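To keep things clear, I will list the structure first and then write my remarks on it.
The values are calculated or read from the model by the stated rules, or taken from the named source; none is laboratory data. Keep in mind the model is a prediction, meaning the values are calculated, not measured. Ideal geometry is used to build each Cβ from the backbone, glycine not excepted, and the neighbour counts take in all protein chains shown. Ligands, DNA and RNA are stripped out before the accessible areas are found, and what is left, the full protein with its side chains, is counted by its heavy atoms. Shrake-Rupley method; radii C 1.70, N 1.55, O 1.52, S 1.80 Å.
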Amino acid sequence: MTETLTITKPDDWHLHLRDGDLMRAVLPYTAAQFARAIIMPNLVPPVVTTEDAKSYRDRIFSSIPENVDFTPLMTAYLTDNTDPEDLRAGISEKVFVGVKMYPANATTNSAHGVTDWRKTERVLAVLEETNTPLLVHGEVTDQDVDIFDREKVFIDEILLPLSKKFSTLKIVLEHVTTKDGVDFVKEGGKNIAATITPHHLVINRNEIFRGGIRPHLYCLPIAKREKHRLALRAAAVSGKECFFLGTDSAPHPISSKESECGCAGIFNAPTALEIYAQVFDEENALDRFEKFASFNGPNFYNLPVNDHKITLSKQGSESPDLIEISSTGDQLMPFLSGKELAWKVI
Ligand code: DOR
Ligand code: ZN
């Protein structure tokens, strides 16, 4: 008999939905697997104010396929000049569930990000006071720091002093990629957590160069050495409350990926849950999958867990081929496109 697994419907605690045609092309994949998702605010221009977030949320709601139940959880893009009182209002109106800190120029559409975290202290104080999580892209931007060391240096130089100064602030180290990051989170208090992506559980840095350069495996933070991948797998399957699911699904048209200067981002939404399930299965930890996928995130964000269930079956599936973005003529290449996967959401 085919093995099945029924769990509380999961949420995606880190998602790039984009806007317009691209959003309409990718949203159905996330809405098919997840009840809610944290929507990253790195649009052009970014989602900075409460008004920006309300209007983006309206555009998302009008793109959700009919009869599909999906709730976007909005975040603000922190800049050096963010108005703390606007954020306070957005938080109290329940528009924002979190605030995203991108170090300026760390990644895609982060030019308006924070140049020095100390400039944002008044905002951080509001977040701490209102128990609102700060979501951090944990990489320094100094080009003299080796790209594979940027997460560790960020932890040492920014995250440690920031979390010491704001000792009760809830912080999510987004898409953690290193053992150093895992250790930082494990050693932190109850207010420190991390999301883990499917791709960082599956690939290490060698995969980006296997037989040639593989632009569709390029993301930021970049995949690291094997020892880091193993530390991420151990963290994900540990059942510890501080680790939860965040896909960082980040679609870019193929023309922007396969280019002289290709964009960072891996589009994993079509098979994110299947890949996570496979990892938990390989680690003999399917009994802890629900904690990672469905409980730890809402508990950290002080939100109720979902009441619906979903079932996965170990019947095998295939990651889809190219996906059309209507009207532009461009396409998306999903993570592990065309590869066999063990599990399938049914
Ligand atoms: O690889 C990435 N892509 N990392 C990020 O932090 C941003 C994302 C995107 O928006 O494309
Ligand atoms: Zn991201």
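If you add up the charges near Lys224, with Lys and Arg at +1 and Asp and Glu at -1, over every other residue whose beta carbon is less than 13 angstrom from its beta carbon, what do you get? Combined, the nearby Lys, Arg, Asp and Glu give +1. Ordering of 219-225, 268-274 by packing is 268-274, 219-225, highest average first (other Cβ atoms within 10 Å, averaged per residue). When the square roots of the Cα gyration tensor eigenvalues are ordered a ≥ b ≥ c, the ratio a/c for segment 53-157 is 1.5 or more and a/b does not exceed b/c, which makes its shape oblate.
Placing +1 on the Cβ of every Lys and Arg and -1 on the Cβ of every Asp and Glu, with nothing else charged, gives the chain a dipole about its Cα centre of roughly 600 debye. In the structure displayed, which of Lys190/Lys227; Lys227/Lys314; Lys152/Lys314 lie more than 30 Å apart, Cα to Cα? Exceeds cut-off: Lys152/Lys314. Just tell me, in residue order, which DSSP H segments of the chain are both 20 angstrom or longer along the helix axis (alpha-carbon based) and at least -1.0 in mean Kyte-Doolittle hydropathy. The qualifying helices are 20-33.
Bridging of Lys165 to aspartates and glutamates at a Cα separation below 17 Å is possible for Asp116, Glu121, Glu128, Glu129, Asp156, Glu157, Glu187, once same-chain residues fewer than 8 apart are set aside.
Residues in segment 106-239 average 42 Å² of solvent-accessible surface per residue, probe 1.4 Å, ligands and nucleic acids excluded.
Rounded if a/c is under 1.5, else prolate if a/b is larger than b/c, else oblate: which is segment 212-346, with a ≥ b ≥ c the root eigenvalues of its Cα gyration tensor? Note, shape of segment 212-346 comes out prolate. Charged neighbours of Phe289, selected by a Cβ distance under 11 Å, balance to -2 (K, R count +1; D, E count -1).
Under 23 Å from the Cα of Lys257, which lysines turn up, not counting those fewer than eight places away in the same chain? Within the straight-line limit of under 23 Å, Lys257 reaches these lysines: Lys224, Lys339. Charging the Cβ of each Asp and Glu at -1 and of each Lys and Arg at +1, and nothing else, the dipole of segment 1-104 about its Cα centre rounds to 160 debye.
Cα centroids of segment 111-143 and segment 1-73: how far apart, whole angstrom? Cα centres, segment 111-143 to segment 1-73: 23 Å.
With a cut-off of 15 Å between beta carbons, the residues surrounding Gly113 carry a summed charge of -1, where Lys and Arg count +1 and Asp and Glu -1. Less than 23 Å apart at the alpha-carbon level, and either on another chain or at least 8 residues along: which lysines does that give for Lys309? Partners found: Lys9, Lys240, Lys291, Lys344. Descending by average beta-carbon neighbour count within 10 Å, the peptides 282-293, 31-42, 55-66, 98-109 line up as 31-42, 98-109, 282-293, 55-66, the highest first.
Let a ≥ b ≥ c be the square roots of the eigenvalues of the Cα gyration tensor of the chain; is it rounded (a/c under 1.5), or, if not, prolate (a/b larger than b/c) or oblate? It comes out rounded by the Cα gyration axes. Each peptide in 1-8, 207-214 receives the mean, over its residues, of other Cβ atoms within 10 Å, and ordering these scores from highest gives 1-8, 207-214.
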